[in-house]
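The values are calculated or read from the model by the stated rules, or taken from the named source; none is laboratory data. As the structure is a prediction and not an experimental result, all values here were calculated from the model. Cβ sites come from the backbone with ideal geometry, for glycine too, and all protein chains shown count toward neighbours.
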Amino acid sequence: MKTLGAILMIVLSSFLFNGCGDNDDLNIKSTDVTGIWYVQVTVGYVAGQPVSVDALTVQFTFNADGTGAYKRLYGENIAEPITWTLKNETIEITFQDTHKEAYKVTETSDDYMRCTLYSNDSDYYLYYFSRKDFK
């Protein structure tokens, strides 16, 4: 009976350790990102503390060839060319002025992506990418 109990504990322990592992691998492909996305920042953190943010909508267009456009949907409404790559669940965008932003995808579906943009370990912003306009 003690042997059966020991075996049962080993089996249950293996489920516990395997079941609690991180599932960071979202298996995002470039085709999942390609298209038009409406984007809003939802919250920001500086030195680990929440800060207020302007929820102004922008639009990213990601073309299959790695090109695209960034457009503010307020003010002048001018589109700016970008290039983009997808590596390790991170969308790296290079803007016309050559500055780069790397959006780490943390959650995804057919209609949305949740992403984090880090300035450093304690300064970051959470973004919501939607295939539908927020209007």
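Results, tabulated for the structure shown:
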| quantity | calculated |
| --- | --- |
| Residue, farthest from the chain's Cα centre (by Cα), within segment 60-85, restricted to residues that are among the small types (Gly, Ala, Ser) and part of a loop (DSSP other than H, G, I, E, B) | 75 |
| Residues located in segment 17-70, provided they are of a type in the set (D, E, K, R) and modelled with pLDDT of 95 or more | 65 |
| Among residues of segment 86-112, those that are within 11 Å of residue 128 (Cα to Cα) and either surrounded by fewer than 17 Cβ atoms within 10 Å (Cβ to Cβ) or modelled with pLDDT of 95 or more (or both), counted | 6 |
